[in-house]
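Shown next, in structure tokens, is the structure this report addresses.
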Amino acid sequence: MNQEKIGKFIATCRKEQNLTQEQLAEKLGITYKAVSKWECGKGLPDASIMIELCKILKITVNDLLSGEKVDKEHYQKKLEQNIIDTIDYTDKKVADKNKNIALMIMFAGLGLTFIAFTIFSSESSWGSIYSIIGLVISLVGFSKINKKKSYLKRLLYSFLYITLLFVALLIIDYSNVVLNKVAPRFSYLKETGDTMIIYKAPFYNVYRINRNTKNEYYIIDTKRKYTERTVPISPFNRDKSGIENLIQYKNKYVGNNSNDSHLIDNLPLAQYGYVFEINSENLGLTIDYHITDWFINENLYLEKSILYNSVSIFALIDNVEQITFNFSGNTYTISRKQIKELYPNFKDIIDNGINKNNFNKYLENKMNDNDFVENIFKKLFAN
């Protein structure tokens with residue numbers, strides 16, 4: 001059925017009857033845009049008004065569907081062909097409508113999955129539930145699109161589609177975990193301990209350490225080389241205060257205000273606010289923290305922070321000789337000489353600049369040993 005030919009024929013017949021598009025539309029009880037659409041070959045008159053249209057244009061339905069006036073000799077042949085073409089056109093129109101509905105269902109399911117990722121936090125089980133529901137809805141729409149294919153092909157295509165979508169969700173979830181440091185949505189097992197939560201997701205594990213504290217951090221274990229006992233644990237935010245981040249601030253000289261500020265800002269206690277001052281003559285560094293020392297001393301947190309900060313600063317700024325930590329309650333002062341003589345394995349930490357493994361072994365890991373912290377702190381800050 002040639003829509004363009006039929007459209008031109010309608011326009012010719014309308015003009016023969018001295019009718020404008022608006023006048024023809026008014027007679028049929030429709031908008032002139034519908035008439036314009038027919039004449040442009042972008043659609044056909046609805047069956048409910050086709051007979052009335054033919055009466056107005058003084059043609060037969062057979063003429064209309066043929067796109068020309070049919071002579072008596074070919075009338076029957078054209079009629080039969082038009083009936084077949086009409087059935088095909090109707091079937092195609094229904095098929096297109098069903099396909100559009102199927103696409104709407106498919107994309108509505110994908111939209112629900114996206115909204116679930118956006119609205120619900122990674123910790124919420126509802127995010128995962130609605131994501132799965134969205135996948136199922138999308139699969140229903142995809143199946144409707146392929147309903148004319150054989151059963152085995154539909155089954156295969158549906159399996160591939162849902163597999164690709166699920167893999168895409170896992171990739172998006174993993175990217176979200178890495179970039180935003182959050183728990184994975186699609187973890188099949190969640191183990192809660194005293195200081196950490198372990199999320200076991202497909203292909204990787206996530207350790208959420210110091211949960212619900214200012215020093216919370218995540219370790220993403222893609223090789224699954226860690227366990228609860230062997231995963232690196234620090235009482236501080238390891239993403240900021242770990243040597244992998246601090247090493248970028250290594251400097252030969254104290255007095256580079258930008259570098260010194262960034263280093264202090266990434267060390268423990270910075271979250272409470274601070275100002276610092278440099279004594280160029282004595283190569284000293286004074287840090288005034290905006291908090292009372294006893295207020296933060298649960299589980300030796302103050303001692304651990306001062307020890308960690310002292311060793312880190314002496315290891316990362318080569319020529320600083322003295323550090324003073326001021327709180328609204330007390331003042332703590334430490335020298336490089338004391339650290340060299342009294343802190344175990346300090347020489348191993350600064351081996352060849354900075355030895356990251358030794359830094360973690362002899363400083364970071366030691367902050368989990370309360371007996372060690374208490375004893376070494378008394379030695380270093382006896383006065």
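Name the residues in region 331-374 that are free of Cβ contacts under 8 Å to residues at least 60 places away in the same chain, of a type in the set (D, E, K, R) and farther than 22 Å from ASP239 by Cα, would you? Within region 331-374, ARG336, LYS337, LYS340, GLU341, LYS347, ASP348, ASP351, ASP371 qualify.
Of the listed requirements (1) closer than 30 Å to ALA183 by Cα; (2) buried (at least 19 other Cβ atoms within 10 Å of the Cβ), SER124 misses just one: (2). Against the list (1) modelled with pLDDT under 85; (2) touching a Lys or Arg at 6+ places or on another chain (Cβ under 9 Å); (3) part of a loop (DSSP other than H, G, I, E, B); (4) not polar (S, T, N, Q), the condition GLY41 fails is (1). For region 144-179, filtered to residues that are among the polar types (S, T, N, Q) and modelled with pLDDT under 90, the residue that is nearest to ASP239 (Cα to Cα) is ASN146.
One line per residue, one yes/no per condition, for (1) farther than 30 Å from VAL136 by Cβ; (2) over 57 Å from the mean Cα position of the chain (by Cα); (3) surrounded by 12 or more Cβ atoms within 10 Å (Cβ to Cβ):
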{"site": "GLU4", "(1), (2), (3)": "yes, no, yes"}
{"site": "LEU19", "(1), (2), (3)": "yes, yes, yes"}
{"site": "GLY43", "(1), (2), (3)": "yes, no, yes"}
{"site": "LYS58", "(1), (2), (3)": "yes, yes, no"}
{"site": "VAL70", "(1), (2), (3)": "yes, yes, yes"}
{"site": "GLU80", "(1), (2), (3)": "yes, yes, no"}
{"site": "ASP88", "(1), (2), (3)": "yes, no, no"}
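When region 289-318 is filtered for residues that are out of contact with any Gly (no Cβ under 6 Å at 6 or more places or on another chain) and over 22 Å from VAL373 (Cα atoms), the ones remaining, listed by number, are ILE317, ASP318.
Per-residue answers, yes or no, for (1) within 19 Å of ASP88 (Cα to Cα); (2) surrounded by fewer than 13 Cβ atoms within 10 Å (Cβ to Cβ); (3) in contact with a strand residue (DSSP E or B) (Cβ under 8 Å, 6 or more places away or on another chain); (4) not aliphatic (A, V, I, L, M):
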position: ALA11; (1), (2), (3), (4): no, no, no, no
position: TYR32; (1), (2), (3), (4): no, no, no, yes
position: CYS40; (1), (2), (3), (4): no, no, no, yes
position: ILE49; (1), (2), (3), (4): no, no, no, no
position: CYS54; (1), (2), (3), (4): no, no, no, yes
position: VAL61; (1), (2), (3), (4): yes, no, no, no
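Filtering LEU152, LEU179, LEU170, LEU164 for residues that are surrounded by 12 or more Cβ atoms within 10 Å (Cβ to Cβ) and either of a type in the set (A, V, I, L, M) or in a helix (DSSP H, G or I) (or both) leaves a single hit, LEU170. The condition (being touching a Lys or Arg at 6+ places or on another chain (Cβ under 9 Å), outside any helix (DSSP H, G or I), touching a residue at least 40 places away in the same chain (Cβ under 8 Å) and among the small types (Gly, Ala, Ser)) is satisfied by just one residue among SER128, SER122: SER122.
The values are calculated or read from the model by the stated rules, or taken from the named source; none is laboratory data. Nothing here was measured: the structure is a model prediction, and the numbers come from that model. A quick note on method: Cβ atoms are made from the backbone with ideal geometry, for glycine too, and the neighbour counts reach across all protein chains shown.
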